[in-house]
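Colleague: One structure coming up, written as structure tokens, with questions to follow.
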Amino acid sequence: QGIANPIDVKVREKHRALQEEGEKVDSTAAAPPTAMPQRGPEEPKRPSEASWRKTSKPKTKKVYKTAEEISEKVTATPILQKIVDMRGAQPRVLSSLENLDSQKEYALATRSGPLTPLVHNLRLLCDLSEVEIQALHRKLKHERDTLVHLHREQNTLQQQVSADHTQTGRSKELMDVLANGLQRFRDGYLSVDSLTDLCSMLQHKYPQEYSQLGLASFCVSLLMPLLRRTLASWEPLKQPTANVHLIKSWKLLLSDHNGTGSPLFDALIQESILPTPRNALINQWHARDVETALALCEAWEPILPRVTFDLLLNQVILPKLSVEVDRWNPRMDPVPVHSWLHPWLPMLGSQRMDPLWHPIRFKLSTCLAEWHPSDGSAFAMLHPWHKVFDQSSWESLLSRSILPKLVYVMREFVVNPRGQDISPFQWVICWAEVTPNHFFLPIIEQEFFPKWQHTLLMWLQFETPDYEEITRWYLGWKNMFPPHLLDHDRIKLQFKRALDVMNQVMAGINVTIESHTMPPPPAPPKTPAPPLPPTKPVSSTAATVSMDDWGVGLSFKEYLERVAEEQSVVMVP
């Protein structure tokens, strides 16, 4: 029992689907097994030799056509519109949709008879004529458009010809003007003023040609020899403002549209104008004659280019001022140095003149080594400089040369209401205007107020003191102080203490001297210098001792400057 014929397994050929022919199982049991068709061994595919290379597509070159070529192609090949009508017994070809629904035409087309070929031929001729008429219409439209374009181009060319004709006339007129001016220049009849008028006329009447043809260069080439001839008799130091108006007008003529300078004007200044005032400043000007040179520089500063004016200051003015500063002797020269240097500050600036200040400070320090506060010329000489020198340099000069001697004078000062000599106090108090408070206040607090308050207290302790006279004496001393010192809190405190002493004594309170006097001044040095009378100058040794006693510290630079002054050696920073 079981299956008579087991299921035969067949190997399906490659790339064959199911249920194809030849796949039935044989129904007979005795059917011999079908042999499978034998297939030869498949040959392996060989890769192509250049299969790894990337195939590159050939590049097609783009060809661009012009509008004329496209128009000619459209005109040469008329567009034929064909419409096939399949509604009748026979198909028909139409060229338009106008009579598509016409029953008469449809009936003629579908009717058969002896005239049918004739109708067809006539219709065909009509259609061809209609297509030809449409092509001619398109060509006529194109020709009309071309005619309009040509009319526009004709108008444009006519306008261009008219503009060229006008420009030719202007060019001829301009050539005549230039030839006339050149002939006048050669004959010697052209002056600077007439050339200025000519250049101004060219700039306003021919603005386009003036900029395109470079007529400014032509005018400058004529102006340079005329200016040299005109400026040959010019004395800049005596006539500083001469020719200023003329050069200012040329600056406007040669400037750009933005109002900035031009290379032509710079060349005109360098070659024709600047040599005359430069030579006058170098050969004729004396550095102490401030008014002439300053007036010349102020008149020409707005006209000259900034670079040119700075070169004039740096190469001519500053070197001559430096040489004159080196020649200046504060002991022998009756003219103070600030009278011919400070007027240059607004123009040159303190930064540019800073190299001149060091030799001046050195000479002042050397001169003040033998100075006594009773000589008021030192204050008059230094007062203009306290706002010119920088703060550190000014304080260093005061610390070395002025303050030690003020300390010495105040230390020798005697407060005596009966026969008071206030001259030493006035010598000292006048320096409060130029001395910083942190330097001047210690001198007054330590050298004046202890003596003054001690004298006030002793006067108040007399048996019958005159309080009105004491009050006048108090107010008199208070009025000797400048306002900026009276407003200081430390000075107010000193006068308040004196006023408290007066009130306590008047109230009957016992006041001792020790409780209202200031701390005693520092002890004198071991080898103090002998006191000098007011009429004699204080020696440098005494000034040095007083300065050390006063307690002002010296930096290493200040110490070197001090040693150089004592040895009469110029110290260059």
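Colleague: Could you run the Karplus curve 6.51 cos²θ - 1.76 cosθ + 1.60 with θ = phi - 60° over the stretch 184-198 and give me ³J(HN,Hα) per residue in whole Hz, x for Gly and Pro?
Modeller: 5, 5, 5, 7, x, 9, 8, 9, 5, 5, 5, 5, 5, 5, 5
Colleague: Which listed residue (181, 168, 120) has the Cα farthest towards the positive end of the charge dipole for the stretch 104-224, taking +1 on Lys and Arg C-beta and -1 on Asp and Glu C-beta about the Cα centre?
Modeller: Among 181, 168, 120, the one farthest towards the positive end of the dipole of the stretch 104-224 is 120.
Colleague: How would you order 208-214, 156-162 from highest to lowest mean count of nearby Cβ atoms within 10 Å?
Modeller: Details: 208-214: 13.1, 156-162: 10.0.
Final packing ranking: 208-214, 156-162.
Colleague: Strictly over 25 Å apart at the Cα level, which of 82/139; 451/492; 65/139 would you flag in this model?
Modeller: Working: 82/139 20 Å; 451/492 17 Å; 65/139 20 Å.
Long pairs (Cα-Cα over 25 Å): none in the table.
Colleague: Among 280-286, 170-176, 406-412, how do they line up by average Cβ neighbours within 10 Å per residue, starting with the highest? Each step should come with its number before you reach the end.
Modeller: On the way: 280-286: 15.0, 170-176: 12.0, 406-412: 21.0.
Highest mean packing first, the order is 406-412, 280-286, 170-176.
Colleague: Dipole of the stretch 275-383 (Lys/Arg Cβ +1, Asp/Glu Cβ -1, origin at the Cα centre): which of 358, 290, 382 lies farthest to the positive side?
Modeller: Farthest along the dipole direction, towards plus: 358.
Colleague: Between residue 466 and residue 331, how many nm apart are label points set 7 Å from Cα along the C-beta direction?
Modeller: Each label point lies 7 Å from its Cα, and together they span 4.9 nm.
Colleague: Provide the FRET efficiency to the nearest 0.05 for the residue 323-residue 255 pair, computing r from the beta carbons and using R0 = 41 Å. Can you show the working numbers first?
Modeller: Values: r = 37 Å, r/R0 = 0.91.
After rounding, the FRET efficiency stands at 0.65.
Colleague: Let me ask something else about it. In the stretch 298-353, carbon and sulfur make up what percent of the accessible area (probe 1.4 Å)? Write down the numbers at each step before the final one.
Modeller: Details: 1540 of 2760 Å².
It is 56 percent, rounded to a whole number.
Colleague: Here's another thing I want to ask about it. For the residue pair residue 15 and residue 146, what label-to-label distance in nm results when each label sits 7 Å from Cα along the Cα-to-beta-carbon direction?
Modeller: If labels sit at residue 15 and residue 146, their model points lie 6.1 nm apart.
Colleague: Between residue 134 and residue 93, take the C-beta separation as r, use R0 = 22 Å, and let me know the FRET efficiency to the nearest 0.05. Don't jump to the answer; show the numbers that get you there.
Modeller: Working: r = 16 Å, r/R0 = 0.72.
It comes out at approximately 0.90.
Colleague: Spin-label point model (7 Å from Cα, Cβ direction): what's the residue 192 to residue 228 distance in nm?
Modeller: In this crude label model, residue 192 to residue 228 measures out at 1.5 nm.
Colleague: Could you give each residue of the stretch 234-249 its phi-based ³J(HN,Hα) in whole Hz, using Karplus coefficients 6.51, -1.76, 1.60 with θ = phi - 60°, and x for Gly or Pro?
Modeller: The phi angles translate into 8, 10, x, 6, 8, 10, x, 9, 5, 6, 5, 5, 5, 5, 5, 5 Hz.
Colleague: Cβ under 13 Å from residue 173's Cβ, residue 173 left aside: what net charge do those residues give with Lys, Arg +1 and Asp, Glu -1? Kindly include the intermediate steps, with their values, before the conclusion.
Modeller: On the way: positive: 170, 172, 205; negative: 176, 209.
Result for the neighbourhood of residue 173: +1.
Colleague: Using a Förster radius of 56 Å, what is the FRET efficiency between residue 73 and residue 115 based on their Cβ-Cβ separation? Nearest 0.05, please. List each step's numbers first, then the result.
Modeller: Working: r = 41 Å, r/R0 = 0.73.
E(calc), rounded to 0.05, equals 0.85.
Colleague: What is the sum of charges around residue 264, taking Lys and Arg as +1, Asp and Glu as -1, for the other residues whose C-beta is under 14 Å from the C-beta of residue 264? Don't skip to the answer; put the middle values down first.
Modeller: Working: positive: 251; negative: 256, 266, 271.
Net charge in that neighbourhood comes out at -2.
Colleague: For the stretch 255-396, what is the accessible area per residue in Å² when the probe is 1.4 Å? Walk me through the numbers on the way to the answer.
Modeller: Working: 6680 Å² over 142 residues.
On a per-residue basis, 47 Å².
Colleague: Scan around residue 94 for amide H atoms under 5 Å from its own, H built in the peptide plane at 1.01 Å from N, and keep only partners 5 or more places away or cross-chain.
Modeller: So residue 94 has HN proximity to 83, 84, 85.
Colleague: Please work out the ratio of the alpha-carbon Rg of the stretch 232-365 to 2.2 N^0.38 Å and round it to two decimals. Each step should come with its number before you reach the end.
Modeller: On the way: Rg = 16.8 Å, N = 134, 2.2 N^0.38 = 14.1 Å.
Compared with the compact-globule rule of thumb, the stretch 232-365 sits at 1.19.
The values are calculated or read from the model by the stated rules, or taken from the named source; none is laboratory data. Quick caveat, the model's predicted, so the values are computed rather than measured. No Cβ is skipped: glycine too gets one built from the backbone with ideal geometry, and neighbour counts run over all protein chains shown. The protein model used for the area step is the full one, side chains on, heavy atoms only, and it has no ligands, DNA or RNA in it. Shrake-Rupley method; radii C 1.70, N 1.55, O 1.52, S 1.80 Å.
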